Amino acid sequence: LNEATTAAVVADTVAKVSLKLSFEVLDDKVHELPLLPSDVSLTEFTFGGRRAVHLKMLRTPSGYVIRTSQAGEFTLDAQYVARVEKADKASSVTLPLVAAARATTTLTLPGPSLEVTVSPQVSHELKPSANDTTLTIYGATDQQVRVAWKDKIEPKKVEPVLFADQNAKVSVGRGVLRVDSTLDYTVLQGKVKEFAIALPGDATLLSVKAE
């Protein structure tokens with residue numbers, strides 16, 4: 001198997017999958033190439049290549065296989081659907097990974113803010129966009145991968161609640177009113193990064209101490 005490119009899009013209860021495969025057969029003997037497991041539904045496929053007429057797609061109890069009887073270079077374009085499972089506000093789908101020399105699998109999930117887990121662990125990356133999230137899996141082994149996702153639980157925004165106590169000492173001098181003010185803040189709820197204090201425009205700030 002030379003190269004496999006898989007693109008899947010989740011649509012409610014199924015994932016619609018497109019598979020493009022290029023492979024080479026080295027002799028004219030009969031071979032059966034395992035392709036897809038039996039729990040997916042193959043809806044359409046097309047073989048390409050000069051001797052593609054000698055290729056056959058067979059469904060066996062263990063899954064779909066390609067039977068070859070002639071040497072040559074071939075391609076396969078296939079469409080199939082996989083079932084999406086839903087439980088406890090989470091969804092999951094199991095996709096086969098075709099063990100090609102170069103393999104890439106992309107899965108488009110509904111929603112821009114998702115918690116995604118991939119098992120078993122494979123090389124992958126996530127790219128959220130405005131309306132969905134794209135999972136890209138690089139490379140493949142002869143196995144299936146289970147992708148599970150659910151909406152991220154955003155931390156609830158808590159509005160801060162404060163209590164402020166002010167004590168002021170006022171001294172009157174010649175043409176000057178001096179105010180020594182102490183402010184005690186108690187944060188009852190939430191987090192506060194800074195406090196803003198407003199003074200009259202004609203006031204002169206002499207010093208500030210904080211602890």
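The values are calculated or read from the model by the stated rules, or taken from the named source; none is laboratory data. Quick caveat: nothing in here was measured; it's all calculated off a predicted structure. Because the Cβ atoms are built from the backbone with ideal geometry, glycine has one as well, and the counts that use them run over all protein chains shown. Protein only, heavy atoms only, side chains kept; ligands, DNA and RNA dropped before computing areas. Shrake-Rupley method; radii C 1.70, N 1.55, O 1.52, S 1.80 Å.
Summary of computed values
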{"item": "log₁₀ of I(q)/I(0) at q = 0.14, 0.19, 0.27 Å⁻¹ - segment 81-124, Debye sum with one point per alpha carbon", "result": "-0.42, -0.76, -1.36"}
{"item": "Mean separation of Cα contacts under 8 Å, 6 or more apart, over the residue count of the chain: relative contact order %", "result": "18 percent"}
{"item": "Eligible lysines near residue 157 by straight Cα distance, threshold 21 Å, same-chain separation 8 or greater", "result": "191, 193"}
{"item": "Residue-by-residue Karplus 3J(HN,Hα) for segment 184-192, coefficients 6.51, -1.76, 1.60, Hz, glycine and proline x", "result": "10, 9, 10, 8, 8, 7, x, 10, 10"}
{"item": "Highest-MSF residue in the chain out of 170, 118, 65 [GNM, Cα springs under 10 Å]", "result": "170"}
{"item": "Nonlocal amide H pairs with residue 28, under 5 Å, H built at 1.01 Å", "result": "71"}
{"item": "Which of 51, 83, 178 is most accessible, then next, and so on - probe 1.4 Å", "result": "83, 178, 51"}
{"item": "Pairwise Cα inverse-distance average, inverted: Kirkwood Rh of the chain (Å)", "result": "22.5 Å"}
{"item": "Accessible area of the chain divided out per residue, in Å², using a probe of 1.4 angstrom", "result": "69 Å²"}
{"item": "At R0 = 45 Å, FRET efficiency that the Cβ-Cβ distance of residue 113 and residue 170 yields, to 0.05", "result": "0.25"}
{"item": "C-alpha center-to-center spacing [segment 1-48, segment 166-184] in angstrom", "result": "83 Å"}
{"item": "Residue 9/residue 39 FRET efficiency (R0 25 Å; Cβ-Cβ; nearest 0.05)", "result": "0.85"}
